[in-house]
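**Student:** Right, I'll just put the structure down here and ask away after.
The numbers here are math on the coordinates, done by the rules we state, and not lab data. Please read these numbers as outputs of a predicted model, since none were measured by experiment. Using ideal geometry, Cβ is built from the backbone for each residue, glycine included, and neighbour counts are taken over all protein chains shown.
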Amino acid sequence: MSALPPCPQCNSAFTYEDAGVYICPECAHEWSPQGAAPAEAAEKVYRDSAGNVLRDGDTVTVIKDLKLKGSAGVVKMGTKVKNIRLVDSDHDIDCKVDGFGAMSLKSEFVKKV
Ligand SMILES: [Zn+2]
């Protein structure tokens with residue numbers, strides 16, 4: 001088990017846990033451990049083809065020609081895509097591509113600018 005977090009009020013390192021609540025023996029502050037490590041671990045990290053971490057609002061370029069399902073269109077390699085939105089799905093980038101409109105891309109086929 002990892003060390004308990006320091007007290008958010010006085011930064012004391014002597015935090016202990018009692019009945020699911022963290023307690024600081026120095027200033028008597030009590031707080032809930034919710035929102036600590038487990039939530040962070042559950043947060044999905046999106047990476048582009050080069051391993052850069054992607055965030056909402058990033059600009060990326062497409063690294064290969066992507067054929068669009070159900071149409072004759074092809075998003076050319078090098079196409080710049082602004083203001084991406086990351087979603088938890090197989091195609092994990094929602095975006096709008098000039099000339100094509102709204103679409104979903106896979107993060108493995110883009111590179112952060
Ligand atoms: Zn304290």
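**Student:** Just give me a number: lysine pairs in the stretch 46-112, eight or more positions apart or cross-chain, with C-alpha atoms less than 13 Å apart.
**Tutor:** 12
**Student:** While we're here: For Cα pairs less than 8 Å apart in space and 6+ apart in sequence, what is the mean separation divided by the residue count of the chain, i.e. the relative contact order in percent?
**Tutor:** 19
**Student:** Next question, about the same structure. Would you look at the GNM of the chain, springs on alpha carbons closer than 10 Å, and say which of Asp48, Asp65, Asp94 moves the most?
**Tutor:** Highest fluctuation among the options: Asp65.
**Student:** Could you rank the peptides 14-21, 55-62, 99-106 by their average count of other C-beta atoms within 10 Å per residue, with the highest value first?
**Tutor:** 55-62, 99-106, 14-21
**Student:** Please report, in Å, the Rg and the Dmax of the stretch 73-113, where both are computed over Cα atoms only.
**Tutor:** Values for the stretch 73-113 (Cα only, Rg and Dmax): 9.6, 25 Å.
**Student:** Sticking with this structure for a sec: Cα atoms only: what Rg and Dmax, in Å, come out for the chain?
**Tutor:** Rg then Dmax for the chain, in Å: 21.9, 68.
**Student:** Here is a further query. What are the equivalent ellipsoid semi-axes of the stretch 46-112, built from the alpha-carbon gyration tensor (square roots of five times its eigenvalues), in whole angstrom, biggest first?
**Tutor:** 18, 12, 11
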